[in-house]
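Q: Can you keep this structure in mind? I'll have questions shortly.
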Amino acid sequence: HCLRCLPPSCEILVELGAGQGILGQAVSLASKLPLVVIDRRGNTDAFTAVGQEHSMTLEDHKAAPSVCRVQGDIADKEAWPEVGQVAVLAKHLCGHSTDLGIASAINLGERLSLLCLAPCCHATMSWNLLAPESQAWFEELGINDAKEFALLTDVIRLSRVGKTEAGRPTPCSKWRLREHIDPSEIETMGRLACRAIDESRLVRLRRGGLDVALIEYCTTDLTPDNVLILASPTNVQEAMPLIPVGLDTTCSKPANYGVLLELDPTAPLTMQYRLMSYLNEQQQNRFPSLQTVVPIADLLATRVPGLICSAAEQGLVETLVAELAHCPLIKRAVTRLLPFVDLATDTLTLTRDVVTNASGQDGPKPTFRVFSRPRQLEQKLCAAFAQEWLSPTEYTHALCVWSTNPDNAVETGTDVPVIKKLEESAAADGFNESMGPDKPSHDTPVIASNDLSLEFRYAVLPRQTLDMSDWAATRQADMGDRGFWRCYEVAARWPRRFEAAKAVALWTDTSSSASWVNTWADHFLPVGAATFELQLQDGLEEVRVHPAREGCGTGTGHASILLCDVCASGHDAIDMLRAVLVACRRNSGSPLAGTGTAVLRLRCGRKPRTIKQWLRDIAKLLEVKLSASRVELLHLLNDRDVERTAVFEWGSIDTKHAPVDNNEF
């Protein structure tokens, strides 16, 4: 949305409350505009400016936009650029921080090109901190003081809280009210309360001489805070039409062709969105045939989550299947791939079309194995075929089917007339030999009424293109060492971190991990790269070094990559890593370089607010204890819900001073 509304006159981007600055980096690279990142956090160098990447060519250095990071407050005028037309960006700027961002944007005056701001945390707001323009607008509506404004925030809070749990405090002081309100009604009320607060902000922007628009930039199943405020001296509504708050922006009709990815039901609840982010992130490089990715919203989604990956063109579905199947990270997260290119409204039409197309092919007669969502639908579909078309093990083609209404599809499948009539169909259609090919067409079987409301999306692919049996076997075999796959994912997704490395060290507290460090090096380092295994000895003062593979040619030298595969995952893991780095520094014969990139698994909390604080504390702790820079705290596909993977550059550790107490964080 920002790129679509960005005016040509804009000269510089400013991202507020940027954190790691991913949004600003993306817009800066796409627009070729310089970026200023303002954040109160200490690790403002979490992402180095692209122009400073050692792996870039001279031409890239000249073309890349500059990035300036400022540690400061949004309201501090000295943190802002002094000249140039400015576009202000902010993603989920919490509570009254949004109002500070709006005030700063208005203060830019004629220098403001665009404001693109996604607010959140409306429930934390209070009447006394509202801008005078917002208070005046609420007073016109009859909301005159803090007590009445608190009713709005209580409604928002009531619409967001989860279920009560035994032994824990009530999640909201007004929880008892939920017994008298329909769940869907309170969700709508919560969204309207947020809309009222955002509307008061729009009034403030309009009085500042700006044209404004309020749009929903994603669906509410991704985040309830899905609203984006756009403001500009020009008419932003011409570039981005206003979407009413009550409009359902979910994708009610699935794509016509693509691949349905069924996820492991035992995977963490956040896996669906992590995988969707990964597919979008890698779309250009790894999945060029992919067009869009959306969560599936059928009645089975709560039990077996999935993603619908639509292909750019119908003829690219097989290519998309091959691209997805070739990715080992997809294979670890996805249990089945169900491609679809055709549509049928009932099982009779589906089976007839499949057999008719198969009968018209030259060569040996094909055989099928049915894969369906829900799985109970497979029995119904198999009953519709004559047995000579089916082979569960020696099949030549996979028939993949999923229903847009899986519960009705299974219920309809129990209707005896459907199966009975299918068995009476013409032999020319491949179902049964009990009737001749000249049987009148009016004898078409009568299907159950429920089946008329169904849509079956399906595809028939050769086994060499999609072998689900091999997929399941390979997936089971690859569910090995999570430490390897964590480090594999980091290097595969962010290869620039490791491009200049010629050797790698693995810090482990077991004796069975040396085999995978060689495999990892073969994937991501030059041929002949040296590998080492480090183990911290008792007393945390010495490190045992075991060369896993001697380097040769260009693969010699100190290891500038440290992969960590240890049981510790909290503050103790950081303390132990510090001990490893200090011991290696004291040892002149250590294979570890003075600085390099480390990958470390850490454990965090479960609640969103707890995780936010944990991210701040851990980033600061890594900076203080390990002299870390370019700190990234990632939630990888291979992480559990309560895990994060830290990727950072370690620096020269001051061994003269005692380490900082963890209680300070």
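Q: I need the strands (runs of 3 or more DSSP E) fully contained in region 494-564, keeping only those with at least 2 residues that are modelled with pLDDT of 90 or more and closer than 20 Å to Leu577 by Cα.
A: Because the criterion is at least 2 residues that are modelled with pLDDT of 90 or more and closer than 20 Å to Leu577 by Cα, the strands (runs of 3 or more DSSP E) in region 494-564 that meet it are 503-508, 530-536.
Q: Another question, then. Return the residue satisfying two criteria in turn: it lies in region 294-308 and is surrounded by 20 or more Cβ atoms within 10 Å (Cβ to Cβ) and at pLDDT 85 or above, and of such residues it is farthest from Ala459 (Cα to Cα). Let's see the steps before the verdict.
A: First, pick out the residues of region 294-308 that are surrounded by 20 or more Cβ atoms within 10 Å (Cβ to Cβ): 296, 298, 300, 305-308.
Narrowing the set further to residues that are at pLDDT 85 or above leaves 305-308.
On the way: Pro305: 20, Gly306: 17, Leu307: 17, Ile308: 14 Å.
Among residues in region 294-308 that are surrounded by 20 or more Cβ atoms within 10 Å (Cβ to Cβ) and at pLDDT 85 or above, the one farthest from Ala459 (Cα to Cα) is Pro305.
Q: Still on this structure: Kindly indicate the residue of region 637-665 that is basic (Lys, Arg) and open to solvent by 30 Å² or more (accessible area, probe 1.4 Å) and also modelled with the highest pLDDT among those meeting that condition.
A: Kept after step one, since they are basic (Lys, Arg), are these residues of region 637-665: 640, 644, 656.
Checking the rest, the ones that are also open to solvent by 30 Å² or more (accessible area, probe 1.4 Å) come to 640, 656.
On the way: Arg640: 89, Lys656: 57.
Restricting to residues being basic (Lys, Arg) and open to solvent by 30 Å² or more (accessible area, probe 1.4 Å), the top hit is Arg640.
Q: With the structure loaded, tell me whether Cys564 is within 18 Å of Thr645 (Cβ to Cβ), touching a strand residue (DSSP E or B) at 6+ places or on another chain (Cβ under 8 Å) and surrounded by 14 or more Cβ atoms within 10 Å (Cβ to Cβ) or whether it fails that test.
A: Answer is yes for this residue.
Q: Do you know which of the residues in region 184-217 that are within 22 Å of Glu148 (Cβ to Cβ) and of a type in the set (S, T, N, Q) is least open to solvent (accessible area, probe 1.4 Å)?
A: Ser200
Q: Here is a further query. Sort out which residues of region 336-388 are among the polar types (S, T, N, Q) and open to solvent by less than 30 Å² (accessible area, probe 1.4 Å), and write them in order of number.
A: Hits for region 336-388 are Thr347, Thr351, Thr367, Ser372.
Q: List the number of the failed condition for Val83; all other conditions in (1) among the hydrophobic types (A, V, I, L, M, F, W, C); (2) open to solvent by 60 Å² or more (accessible area, probe 1.4 Å); (3) modelled with pLDDT under 85 hold.
A: Unmet for Val83, out of (1) among the hydrophobic types (A, V, I, L, M, F, W, C); (2) open to solvent by 60 Å² or more (accessible area, probe 1.4 Å); (3) modelled with pLDDT under 85: (3).
Q: Identify the single condition in (1) modelled with pLDDT under 85; (2) open to solvent by less than 20 Å² (accessible area, probe 1.4 Å) that Pro224 does not satisfy, given that it satisfies every other one.
A: (2)
Q: Filter region 90-130 for residues that are among the polar types (S, T, N, Q) and farther than 13 Å from Ile74 by Cβ and give the result.
A: Ser113, Thr124, Ser126, Asn128
Q: Another question, if that's okay. Filter region 309-324 for residues that are assigned to a helix (DSSP H, G or I) and either open to solvent by less than 10 Å² (accessible area, probe 1.4 Å) or in contact (Cβ under 8 Å) with a residue 40 or more places away in the chain (or both) and give the result.
A: Once the filter is applied, which keeps residues that are assigned to a helix (DSSP H, G or I) and either open to solvent by less than 10 Å² (accessible area, probe 1.4 Å) or in contact (Cβ under 8 Å) with a residue 40 or more places away in the chain (or both), region 309-324 yields Gln314, Val317, Glu318, Leu320, Val321, Ala322, Leu324.
Q: When you check Leu634 against the structure, is it under 21 Å from Gln20 (Cα atoms), at pLDDT 90 or above and surrounded by fewer than 21 Cβ atoms within 10 Å (Cβ to Cβ), yes or no?
A: Numbers: under 21 Å from Gln20 (Cα atoms): yes; at pLDDT 90 or above: yes; surrounded by fewer than 21 Cβ atoms within 10 Å (Cβ to Cβ): yes.
Taking the combined requirement at face value, the residue satisfies it.
The values are calculated or read from the model by the stated rules, or taken from the named source; none is laboratory data. No experiment lies behind these values; they were computed from the predicted model shown. Don't worry about glycine lacking a Cβ; one is built from the backbone with ideal geometry, like all the others, and counts go over all protein chains shown. Heavy atoms of the whole protein, side chains included, go into the accessibility calculation; ligands, DNA and RNA do not. Shrake-Rupley method; radii C 1.70, N 1.55, O 1.52, S 1.80 Å.
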